[in-house]
């Protein structure tokens, strides 16, 4: 598997998928017009990754995401549950700004939906 790094834009998140170090990171904004075509390669990468996983850390540091991105994010988080079922450690870090309770609450909602413990981390200014 190859490492994938995509730089973020004003509408698309920064993406880091690092199989060697077990890192999955999404950061920035996700307000894409064609969410499916952006996230399809990420989901395909993840499906391949979970066949031979390792201890994995997921870092999510969104500033904003729309409802379509939220649905895709839920699919991604549900898919990663296979990592734990395979006997590996799964750590999910959810970053939020001090003045952005909506992002923090969204993380709590995702944690509840996937029945997983998230680490809620305040971003440093």
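The values are calculated or read from the model by the stated rules, or taken from the named source; none is laboratory data. Being a predicted model, the structure only gives us computed values, none of them experimental. Note that we place each Cβ from the backbone using ideal geometry, even for glycine, and neighbour counts take in every protein chain shown.
For the reader, a short list of remarks on this structure follows.
- Boolean, residue 124 is free of Cβ contacts under 8 Å to residues at least 24 places away in the same chain and under 28 Å from residue 10 (Cβ atoms): yes
- Failed item, numbered, when residue 61 is tested on (1) farther than 21 Å from residue 1 by Cα; (2) without any contact (Cβ under 8 Å) to a residue 60 or more places away in the chain; (3) surrounded by 14 or more Cβ atoms within 10 Å (Cβ to Cβ): (2)
- Among the residues of the stretch 85-114, those identified as closer than 24 Å to residue 40 by Cα and without any contact (Cβ under 8 Å) to a residue 12 or more places away in the chain are 85, 109.
- The criterion of at least 3 residues that are within 20 Å of residue 121 (Cβ to Cβ) and modelled with pLDDT of 95 or more is met, among strands (runs of 3 or more DSSP E) falling completely within the stretch 1-111, by 14-18, 23-30, 56-65, 90-96.
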